[in-house]
Every structure is written in C-alpha cells, then in structure tokens.
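Note sheet for the following structure.
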Amino acid sequence: MAKTVVGSFDNYQEAQSVVEELAQAGFDHDNISIMAKDQERRDREGSEAGGDTSDVASGAGKGALAGGGLGLAAGVIAVAVPGIGPVLAAGPLATALAGAGIGAAAGGAIGALTKLGVGEEDAHAYAENIRRGGAVVVVDATDADAEQAAGIMHNHGAIDIDRRREQWQQSGWQGFDENAEPYEAEQEQVIPAVNEELEVGKREVESGRARVYVRSTEEPAHEEIKLREDDLHVERRPVDRPASERDLEASRDQSMEFRETKEEPVVQKTPRVTEEVRVGKESRERTEEIDDTVRRTDVEIDDEEHRQGQPPRHPDEPGRPLNP
C-alpha cells in the first residue's frame, strides 16, 4: 500500500538536500516531487518592466533546480502560481501543477497538492509556507519505505507544519488565499545594541580523593561439636517357655534389616556484618568575589539633515537657545 510522505522546509536548500538523499537511498525519481518559491526569478522580474510571470522559465531557473544533482531535470517547470508567484517544481507535483499545459497553474497549489494525496487542510499550510519562501517535498512511498523517507526529511530540518500553522493563526492567518498578493518579506536593516551581562556560575572540580580497597582473605576457624554413633549389638540367650501367639507370629519366615547410624558434622558459612566503613563528604560554603569587565554597545544617530538651520540647544534645558 502506498503512502504519501510530505515534508515542509524553510528554504529551498534544505528541500534540495532531502531530494538528493532520497535519490541516493534508492527512491524512484518518478515518485519524488519538490516545489519551491522561485525568488531569483521574482527578483529578476521585479527589475524588468512588463515581465510575464506565466511563461516557462528560461534555462537559468531549471538549471538552479536540476544543478544540485536532483535527477529531476526532465520534469522541472517554472510557473506562476496564484497567491505565491513564480515557483519551481519537479516530479509528479509539477505534472499536477501544470496539468492544463506548461506555464499555466491548473488548480493552483492546493489542487496540485491534494492530487498527490495531501489533505486539504494540510495543503493550505504547505502552500502558505511556500508562499513565505519555503519549500515542500512529497514522496509516494511504500509502507516499508515511508518511515525511511520521513526520517530523511526530519534529519534535514523538516518543520512541524501543525505548530507553524498555529503560529500563523495566532497572527490572524485563516488559510492560504490564492487571490492574495505574493508574500513579500519585510526588508529592513537591524542594528543590534549588544550589552554584555556578567553571569557567574559554578562548576565542580576535584580537590582531593581517597581510595578505599575492599579485599577478601581467609583465616583458620575452629569449632567443636559432639557426634553420636549407634552400633548394632546381637545377643543370644537360652529361654524355656510355652510359645505364645506373638512368638508364633514373630517366628514366621521373614527378613528384617537393622542399621547402624552415626552423626557427622555439617558445615555451612553464614555471612555476618561485623563492621561498617562509612565514606561521606562534609560540605561547607565560601564566598568568592568576581571582578571582570562587560562590553556595552551605544548606537549614536547623527541626523545632520534634520539639524541644519536649527539653533544650538542648551545642554540643560532642551529647547532653549544658547544665544537667544
């Protein structure tokens, strides 16, 4: 029975590594799909007026996807997907995505994913992750190989799509919208102000040791015990009396056996604790003062353009000129 194994990744490089390892592990190329946002093409079209996002990509797009050793070059397409923008896709996912012909996204990302066996709710989350710059890998695997495929995806950083969906929903996301504008990550420059904090911890180091040896030795032991022995004694004596019934009964043909017995010593050893050696530690505390230095970052802003034409300010009273 076939199973659909899906992995979602934060970037194309992770997804590409997954496809390469799946191929090396013996998975059939015809059963491996990948779809990722074609950010390079989108950036290029953004700088070229009148770019048509429905055309098949030139050799640059295909080369980027196939050049990593994917072995899927024959199925690589570049197509504009509603709600995402330009994407690169290969394998059965590419076939489903461009079912109406190369360059036309038939049914969009949701339709393509559900055709491969992905549940519609999960398909919305996978499509949204692609929209935000991620990638998805889909493998059609047997029951025996599904666990191996999932393990390969996990090792290459597959995200928890359920947790990611919850995070988006907390920010107001309700589902993938094919009519939405393609996602644009905010472009900003962040200058961190880094201040060091002195954190003093402690660790345990060896300051001495004692070695205790436990050895077993043997020494002579002496005990006395009284033993009993029973010896058989046979005596014949002459008698003259009438035979009784008991005598007649005892004189019938029969065989009797009598045994001699004697006691012999039985030795056993019972371990007994006669002494205890206790090894413990006595703790005490001491206070040690740590003197060190920490670094601090100050970010200064010199807004010359805004300051031009303004009188100097009094250092103690903002707003009051030095020379009124």
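Things worth noting here:
- Distance (nanometres) between label positions extended 7 Å along Cα→Cβ at Q167 and T293: 3.9 nm
- Estimated inter-spin distance, R237 and D122, nm [label 7 Å along Cα→Cβ]: 10.7 nm
- Calculated from backbone phi, Karplus (6.51, -1.76, 1.60) coupling profile of the stretch 283-289 in Hz, x at Gly/Pro: 9, 9, 10, 9, 9, 10, 8
- Kirkwood Rh, Cα atoms: Rg over Rh of the stretch 189-253: 1.87
- Listed values for the stretch 166-178 are Karplus-derived 3J(HN,Hα) couplings in whole Hz (6.51 cos²θ - 1.76 cosθ + 1.60, θ = phi - 60°), namely 4, 5, 5, 5, 5, 9, x, 5, 10, x, 5, 10, 5, and x replaces Gly and Pro.
- Stokes-Einstein diffusion for the stretch 78-173 at 4 °C, viscosity 1.567 mPa s, with a Kirkwood radius from C-alpha pairs, works out to 91 µm²/s.
- Highest-first arrangement of 262-271, 128-137, 209-218, where packing means the average Cβ count within 10 Å: 128-137, 262-271, 209-218
- Rolling a 1.4 Å probe over the protein heavy atoms of the stretch 129-236, with every protein chain left in place, gives an accessible area that is 42 percent carbon and sulfur.
- Listed peptides 156-165, 195-204 by packing density, highest first (mean Cβ within 10 Å): 156-165, 195-204
- What the Cα atoms of the stretch 149-294 give is an Rg and a Dmax of 48.2, 139 Å.
The values are calculated or read from the model by the stated rules, or taken from the named source; none is laboratory data. It should be emphasised that the depicted structure is a prediction, and the values quoted were computed from it without experimental measurement. Neighbour counts are summed over all protein chains in view; Cβ atoms, including those assigned to glycine, are modelled from backbone coordinates with ideal geometry. Side chains are part of the model used for accessible areas, which takes the heavy atoms of the whole protein and leaves out ligands, DNA and RNA. Shrake-Rupley method; radii C 1.70, N 1.55, O 1.52, S 1.80 Å.
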